[in-house]
């Protein structure tokens, strides 16, 4: 099966469509969403069909699928759709960008999306229905459990474990050997130095605005590349 039906029409689905067409052996044939969200008939000149009737025009014996939606409802929405697709009998593919760096020595489940510029060390295990956004580092012998979402430029050091349904925000850092409990949320830029329990939420201090405007401090900002 070289033809794919993408579940979703949002930003992640559109990016995934480009990746599959430009950087894989698969070709996107159509898109699908639940009927209540069906507001358009076409995306990139391809049909958008109601998921409830998908098998009538794009049957499971001729088309594979990929679910390309984000972390809505703490990844539960993507997980539910993943199970619905499997119940209909569809094969769910995984995409690993050719622009990611790895030695091929890692295990990966189905319906995974691994975008460009990721570094995946040997002996990593990635479960089912996992999204890894661009620019992450996944250290050796780490495990990312099912239905997780890893934001851009997250650094997961070696021997770490990400529990199922977890969200790791952009630029978050996990120290070596850390276990993140299932259904946890690690916010953007947070640094985790010890194990967490299930369903915990961690956020980093947010940036604070100072009273001075950029026009006031601009003249005092020096650049080593400027000659006076």
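Read-outs: derived from the displayed coordinates by stated rules, not from any lab. This structure is a prediction, so every number in the text was calculated from the model and none was measured. Reconstructed Cβ throughout: ideal geometry from the backbone, glycine too, with neighbour counts over all protein chains shown.
According to the Cα-based calculation, Rg over Rh for the range 95-200 is 0.92, with Rh computed by the Kirkwood formula. Taking the range 32-50 and a reference point 7 angstrom along Cα→Cβ of residue 14, the backbone N atoms nearer than 13 Å belong to 43-45.
At a threshold of 8 angstrom on Cα-Cα distance, excluding pairs fewer than six apart, so keeping six or more, what relative contact order does the chain reach in percent? Over the chain, the number comes to 10 percent. Among 71, 90, a tally of other beta-carbon atoms within 10 Å of each Cβ gives an order, fewest to most, of 71, 90.
With r as the distance between the Cβ atoms of residue 194 and residue 53 and R0 = 45 Å, compute the FRET efficiency 1/(1 + (r/R0)^6) and round to 0.05. Each step should come with its number before you reach the end.
On the way: r = 49 Å, r/R0 = 1.10.
With R0 = 45 Å, the Cβ-Cβ based efficiency is 0.35.
In the range 3-87, Cα pairs under 8 Å separated by at least six residues give a relative contact order of 34 percent.
Rg/Rh for the range 1-118 stands at 0.95; both radii use Cα atoms, and Rh follows the Kirkwood definition. Volume per residue of the convex hull around the Cα atoms, evaluated for the chain, comes out as 187 Å³.
Rounded to the nearest 0.05, what FRET efficiency do residue 40 and residue 170 give with R0 = 25 Å and r taken as the Cβ-Cβ distance? Could you check?
That gives a FRET efficiency of 0.25.
The mean sequence distance of close C-alpha pairs (under 8 Å, at least 6 residues apart), as a share of the length of the range 81-133, puts its relative contact order at 34 percent. Out of every Cα-Cα pair in the range 76-132, what percent are more than 16 Å apart? Value for the range 76-132: 45 percent of Cα pairs lie more than 16 Å apart. Available extension along the chain between residue 208 and residue 61 is 47.4 nm, counting 0.36 nm per residue and deducting the alpha carbon span. The P(r) of the range 168-208 has a tail past 16 Å containing 27 percent of all C-alpha pairs.
Count the DSSP beta bridges whose two residues both fall in the range 3-87, then state the antiparallel fraction as a percent rounded to the nearest 5. Of all bridge pairs located within the range 3-87, approximately 15 percent are antiparallel. Ordering of 160-168, 29-37 by packing is 160-168, 29-37, highest average first (other Cβ atoms within 10 Å, averaged per residue).
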